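This report concerns only the one structure given below.
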Amino acid sequence: MVNKKEKSDLQISDERIRGFVEKSAVAIYCFELEQPIDMSLPINDQLDLLYRHAFIAEANDFYAKIAGFGRSADMKGLHLSKIMPRELPENVTQLKRLIRAIYNLTLVESIEVYPTGTERIVLNDVVGIIKDGCFFRAWRTGVDITEIRATE
């Protein structure tokens, strides 16, 4: 049982984290899975499951803005397949790289295409949450580098 002081400390900690996420000048978002992915499965099977079951559970308004949405709540429930289309080989390559890296990567580019029609190149850091050999969720931070790539 959690005592009042521990509960208060947890609430303060949660408020600090939420405040940081909400006010950050980088995209922060969390992908959840409708069903965990067994990491002992072959890479292509894990990829199929990611495309089938990963969705945005949380996002900050900064991410919503670069994605062309009015606010982060408008993005909740959006499936990975709608953001990182499988038809783009670069996305498949990057997701396979993520799987091989046990769902933890730094400085990985993705081409994100949003239902709003907005297309962006995002430089991401990904931290996967693993439990008992299964992948459950990933927190991602992203920086929009579309204009940088255009000038290159």
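Would you pick out the residues in segment 124-147 that are open to solvent by less than 50 Å² (accessible area, probe 1.4 Å) and of a type outside the set (Ser, Thr, Tyr)?
Within segment 124-147, Asn124, Val126, Gly128, Gly133, Cys134, Phe135, Ala138, Arg140, Gly142, Asp144, Ile145 qualify.
So, restricting to helices (runs of 4 or more DSSP H) that lie completely within segment 1-77, which ones have at least 3 residues that are at pLDDT below 95?
Values: elements: 4-23, 43-53, 61-67.
Filter on segment 1-77 gives 4-23, 61-67.
Restricting attention to segment 106-116, which residues are farther than 16 Å from Arg86 by Cα and open to solvent by 40 Å² or more (accessible area, probe 1.4 Å)? Quick ask: steps written out before the conclusion?
First, pick out the residues of segment 106-116 that are farther than 16 Å from Arg86 by Cα: 106-108, 116.
Matches in segment 106-116: Thr106, Leu107, Thr116.
Going residue by residue through segment 80-102, is there one that turns out to be in a strand (DSSP E or B) and open to solvent by 30 Å² or more (accessible area, probe 1.4 Å)? Don't jump to the end; show me each part of the working.
Of all residues in segment 80-102, those in a strand (DSSP E or B) come to none.
Looking through segment 80-102, none of the residues is in a strand (DSSP E or B) and open to solvent by 30 Å² or more (accessible area, probe 1.4 Å).
Pick out the one residue from Tyr63, Tyr51 that is within 14 Å of the chain's Cα centre (by Cα) and farther than 17 Å from Ala27 by Cβ.
Numbers: Tyr63 fails: farther than 17 Å from Ala27 by Cβ.
None of the others qualify; the one that does is Tyr51.
The values are calculated or read from the model by the stated rules, or taken from the named source; none is laboratory data. What you see is a predicted model, and the numbers here were worked out from it, not measured in a lab. Positions of Cβ are generated from backbone atoms using ideal geometry, with glycine treated the same way; all protein chains shown enter the neighbour counts. Only protein heavy atoms, including side chains, enter the accessible area calculation; ligands, DNA and RNA are left aside. Shrake-Rupley method; radii C 1.70, N 1.55, O 1.52, S 1.80 Å.
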